[in-house]
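What follows draws every value from the coordinates through simple rules; no lab data is involved. Remember, it's a predicted structure, so these values are computed and weren't measured experimentally. With ideal geometry, Cβ positions are generated from the backbone for all residues, glycine too; neighbour counts draw on all protein chains shown.
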Amino acid sequence: MALVQDPDSSCVHARDLAQEHLVAVRSKLAELKALERSIAAFVANCDASCAGGPGPDCVILDDLSKGQKETSFPSETPRSKRSPFPNGSAGPAR
């Protein structure tokens, strides 16, 4: 708004300001895409390893607790092949 009201402002200044905003938006988009990949990996890891098991065996909670100590994406390798359910079943019916 200040650019419109300033008689000394130029189109180049408006373009530069728009370019700065474009760079900021693209940076935020990249961060959101990385977050999306991370959350998708959490869900896939859970589906592969423990969906429905007890909280202490939850790979999402484990990966999130590791994330507080380091800044990395969750591992895509299941941490355990054993069934998280007491009777050894494949889990609850979906």
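Grab the beta carbon distance between Cys11 and Leu61, set R0 = 41 Å, and tell me the FRET efficiency rounded to 0.05. Before the final figure, lay out each step's value.
Numbers: r = 53 Å, r/R0 = 1.30.
The pair Cys11/Leu61 has a calculated efficiency of 0.15.
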> About the Cα centre of the stretch 1-54, what is the dipole size in debye to 20, counting +1 per Lys and Arg Cβ and -1 per Asp and Glu Cβ, all else neutral?
Replying inline: 240 debye
>> What distance in nm separates the two pseudo spin-label positions at Arg37 and Leu22, each 7 Å out from Cα along the beta-carbon direction?
In response: 2.4 nm
